[in-house]
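The values are calculated or read from the model by the stated rules, or taken from the named source; none is laboratory data. No experiment lies behind these values; they were computed from the predicted model shown. With ideal geometry, Cβ positions are generated from the backbone for all residues, glycine too; neighbour counts draw on all protein chains shown. All accessible areas refer to the heavy atoms of the entire protein, side chains included, with ligands and DNA or RNA removed. Shrake-Rupley method; radii C 1.70, N 1.55, O 1.52, S 1.80 Å.
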Amino acid sequence: MAVSLYGPEDARQTVCVYLEHNAGRLEDVSLGLISKALELTSGSDWRVCGLILGDDTRKPAQEALARGLGEVISIQHEIMTRFDVSAFTRACFEVILQEKPAVFILGATPDGRDLAGRLAVRLRTGLNADCTDLRLNLETGQLISEVSGFGGGVIALLESPAHRPQMSTVRPGVFEQQFVRPVKSGVIRQIDVSLSRSDLQSELLERSVGERLDLSKSQVLICGGRGMHGEFVQLNALAEQLGGEVGATRPPVDEGYIERERQIGQTGVVCRPKLAVTCGISGAFHFVVGIQEADTVVAINIDPQAEIFNYCDYGVVADAHQVIPALIEALARESHSSHA
Amino acid sequence: MHEFHIVVCMKVVPKAEEIRVDPESLLLDRENARSEINPPDMNAIEHALRIKDQCRARVSILSMGPPLFESILRVGLAMGADDFYLLSDRAFAGADTLATTYTLARGIDKIGDVDLVICGEESADGATGQVPAGIAEWLGWPQVTLATEFQLSDDYTVCTARREIPGGYEVHRVKLPAVFSVKTASNEPRFMDFDRKPWAMEEAGVIVWSRSDIEVEDDLIGLKGSPTIVSGLEQAETRARQQHMLEGDPESIAAQLAEILAPFHTRN
Ligand SMILES: Cc1cc2nc3c(=O)[nH]c(=O)nc-3n(C[C@H](O)[C@H](O)[C@H](O)COP(=O)(O)OP(=O)(O)OC[C@H]3O[C@@H](n4cnc5c(N)ncnc54)[C@H](O)[C@@H]3O)c2cc1C
Ligand SMILES: Cc1cc2nc3c(=O)[nH]c(=O)nc-3n(C[C@H](O)[C@H](O)[C@H](O)COP(=O)(O)OP(=O)(O)OC[C@H]3O[C@@H](n4cnc5c(N)ncnc54)[C@H](O)[C@@H]3O)c2cc1C
């Protein structure tokens with residue numbers, strides 16, 4: 001069997017959380033991971049520590065302590081002004097071999113995926129991608145990662161019994177940040193890793209990041225699926241009218257009708273809106289996990305047998321292309337009369 | 001001079017909409033699903049062929065999978081690829097991403113003199129998106145994921161790639177050889193070239209390599225080389241919903257819906 005660089009017998013009862021930060025603040029995905037790690041280990045001897053890298057990590061490391069982490073390992077180096085997969089892999093690899101955590105979890109962001117994919121190979125260990133939940137057996141140290149299977153709301157449980165660290169990535173929005181009391185005695189440990197410019201794999205010539213769309217914060221979500229046949233104009237109008245955002249299933253994203261940032265579900269965004277309206281969506285569980293936490297779900301589908309009707313509060317069997325314009329008009333009339 | 005050589009990693013997936021779950025065993029019924037080229041890999045090969053359109057380059061398809069992949073991936077030859085390497089061996093079966101990337105990387109070593117490896121963003125079935133980074137690590141090469149454009153230096157030793165990230169983009173410059181994944185839907189894959197079709201579908205020789213051909217360690221391939229296991233299947237707990245079906249003519253339905261939705265207006 002392929003053997004990892006250390007095994008269960010050498011692993012420590014530690015959950016290590018990779019902390020991503022931007023402009024001095026921790027990313028929401030990392031805050032969610034902190035909450036989950038604390039929840040998984042609460043009341044036990046297990047230790048949770050954050051791992052943060054950058055040229056200046058002071059502020060986000062403090063923020064992690066304020067969020068309840070007892071310990072943050074920080075690697076600061078002048079060359080780490082931004083994420084570089086080679087340098088970051090090297091630094092994380094050294095820390096992991098020193099600390100030997102049983103569990104290492106990361107956000108399934110572009111950077112998190114790049115890093116996790118390389119690290120798992122360097123450590124010769126297992127990596128579970130895009131998990132929708134995590135469980136930890138505190139006795140055996142076994143991590144169980146949930147991913148949604150195909151159809152019918154089946155979830156698959158993944159484990160790496162003989163390899164350490166057990167690595168998993170989790171999509172943004174899956175774990176909610178809980179508000180916890182900061183740990184007074186929390187410590188930030190600086191670890192030195194020898195790095196030089198030659199450890200950078202690429203030269204970043206340009207970077208432009210504008211306002212990032214974050215559907216996980218939207219209160220109203222109007223979602224379109226393959227049944228919209230690429231037509232998102234009306235859904236945009238409805239979202240606009242209700243002050244919400246448009247989301248989509250994977251097919252319209254893959255076909256290029258709408259941006260990837262708007263994909264809802266296991267490999268997209270997991271949302272917690274007050275209202276989700278699904279139009280032309282069959283109700284595959286990969287999608288449904290993305291709106292499970294919605295307060296109210298309204299489904300419009302032309303097929304009365306569609307699975308989505310099992311996951312909705314209000315269902316309409318109709319052609320979405322006809323219902324939506326009529327609905328937009330009815331809403332306009334309603335707001336007109338209520339303002340009159 | 002050595003010919004610029006691009007390897008495109010491609011896999012075959014069951015059509016997502018045709019996969020059914022056996023309600024008793026909760027296992028996948030893939031038998032009755034038709035297979036297709038992983039759609040993001042069509043974007044990968046298109047990027048490779050565009051580079052070939054601009055300079056003298058050889059484009060090879062590389063896949064790890066059962067013999068069934070062969071006839072399906074020949075389409076790539078008809079689109080314009082020159083060679084097709086299939087890593088096929090019973091011992092490769094059951095591979096997770098660690099074993100898959102090891103095997104693909106050994107295949108790339110065996111092909112030799114490769115300048116560029118291009119993968120899709122993620123597969124339609126496993127969808128981990130971890131394979132490109134894993135291949136890059138086994139080979140010790142740089143990686144740029146989510147690329148949308150490629151620009152080669154005049155001497156073909158450096159590649160500048162634009163990558164799409166949430167809310168924006170980055171432009172990276174890396175020394176070759178390097179591994180890339182391309183953003184899904186970042187180009188319009190071409191159709192098969194009908195002049196190439198008879199050759200591609202019938203005559204072209206596909207190079208099939210087994211585990212002894214690519215000199216892999218038995219402990220690192222297939223099920224044996226895979227740390228991750230599926231330890232169980234469960235019915236997910238789902239939130240109970242009212243499942244109230246609205247009835248009536250279109251106008252009445254629109255009115256009922258408007259009444260339900262109006263209170264959620266966030267700008268009130
Ligand atoms: C590992 C993995 C991860 C995945 N991750 C995601 C994910 O994150 N998000 C995601 O969405 N999917 C994901 N998928 C894909 C998922 O399994 C489904 O294939 C997908 O959600 C189906 O999208 P859909 O409902 O839009 O399309 P379909 O299943 O094709 O459904 C279209 C629906 O539209 C209805 N319809 C057609 N015409 C009309 C009309 N005029 N009016 C009203 N209704 C109409 C049809 O009755 C049908 O029910 C993933 C798959 C895998 C394997
Ligand atoms: C529902 C499901 C969940 C899974 N979860 C995990 C998991 O959490 N961890 C894990 O280790 N394994 C997992 N697997 C197994 C995993 O799918 C396989 O290891 C697979 O061989 C490669 O991963 P991928 O399909 O996710 O590829 P991705 O990384 O999503 O694919 C990216 C690109 O890599 C290239 N590529 C991928 N596979 C091949 C191939 N065989 N030949 C040529 N090129 C290829 C293609 O260019 C592709 O577009 C899962 C499988 C399923 C069906």
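To make sure I understand the rule: partners must be lysines, Cα under 30 Å from the Cα of residue A:59, and not fewer than 8 residues away in the same chain. Which ones qualify?
A:36, A:100, A:184, A:217
If you take the C-alpha gyration tensor of the protein assembly as shown, multiply each eigenvalue by 5 and take the square root, what semi-axes do you get, largest first, in whole Å?
38, 32, 24
Using a 10 Å cut-off on Cβ to Cβ distances, tally the other chain neighbours for every residue of A:118-124 and report the average as a whole number.
Mean shielding by partner chains, rounded to a whole number: 6.
How far is it, in nm, from the label point at residue A:334 to the one at residue A:187 when both lie 7 Å from their Cα along the line to the Cβ?
Here the answer is 5.8 nm between the modelled labels.
Using helices alone, what [θ] at 222 nm do you get for chain A, with -39,500 (n - 2.57) per DSSP H run of 4 or more residues, divided over all residues and rounded to the nearest 500?
-8000 deg cm²/dmol
Within 10 Å of each candidate Cβ there may be at most 10 other Cβ atoms; applying that plus a DSSP loop requirement, which trypsin sites (Lys or Arg not before Pro) in the range A:125-215 survive?
Sparse-neighbourhood loop trypsin sites (Lys or Arg not before Pro): A:184.
With a 1.4 Å probe and every protein chain left in place, work out the accessible area per residue of the protein assembly as shown in Å², rounded to a whole number.
Each residue of the protein assembly as shown exposes 42 Å² on average to a 1.4 Å probe.
Could you pull out every whole DSSP H run in chain B that spans at least 20 Å of Cα extent along its own axis and averages 0.0 or higher on the Kyte-Doolittle scale?
Counting only whole DSSP H runs, the qualifying helices are B:97-111.
Restricting to DSSP loop positions (anything but H, G, I, E, B) with no more than 13 other Cβ atoms inside 10 Å of their own Cβ, which GluC sites (Glu not before Pro) remain in the range B:195-268?
Listed in order of number, the matching sites are B:215, B:217, B:237, B:247.
What are the aspartates and glutamates whose alpha-carbon lies under 19 Å from the alpha-carbon of residue B:224, with same-chain residues fewer than 8 places away excluded?
Filter leaves A:159, B:89, B:96, B:213, B:215.
Mind grabbing the interface size between A and B? I mean buried accessible area, both sides, 1.4 Å probe, in Å² to the nearest hundred.
7200 Å²
Would you please classify the overall shape of the range A:215-339 from the alpha carbon gyration tensor, given that a ≥ b ≥ c denote the square roots of the eigenvalues, rounded means a/c under 1.5, and beyond that prolate means a/b larger than b/c while oblate covers the rest?
rounded
Percent of accessible area on chain A owned by carbon and sulfur, 1.4 Å probe?
That share works out to 47 percent.
Mind giving me the nanometre distance, one decimal, between the label points for residue B:20 and residue B:219, set 7 Å out from Cα along Cα→Cβ?
4.4 nm
Roll a 1.4 angstrom probe over the protein heavy atoms and tell me the percent of accessible area of chain B that is carbon or sulfur.
Looking at chain B in its full context, I get 48 percent from C and S.
For chain B, what relative contact order do you get, as a whole percent, if you take Cα pairs closer than 8 Å and at least 6 residues apart?
It rounds to 23 percent for chain B.
How much of the DSSP bridge set in the protein assembly as shown is antiparallel, in percent, rounded to the nearest 5?
35 percent
Given the rule -39500 (n - 2.57) for each run of at least 4 DSSP H residues, summed and divided by the residues of chain B, what is its mean residue ellipticity at 222 nm, to the nearest 500 deg cm²/dmol?
One gets -7500 deg cm²/dmol as the mean residue ellipticity at 222 nm.
From Cα pairs below 8 angstrom and at least 6 apart in sequence, can you work out the relative contact order of the range A:1-121, rounded to a whole percent?
Contact order relative to length: 32 percent.
Kirkwood Rh and Cα-based Rg: tell me the resulting Rg over Rh for the range A:12-199, rounded to two decimals.
Computed over Cα atoms, the ratio is 0.94.
Return, ordered by residue number, the residues of the range B:74-101 whose backbone nitrogen is under 18 Å from a label point located 7 Å along Cα→Cβ of residue B:53.
In the range B:74-101, the label zone of residue B:53 (backbone N under 18 Å from the point 7 Å along Cα→Cβ) covers B:76-82.
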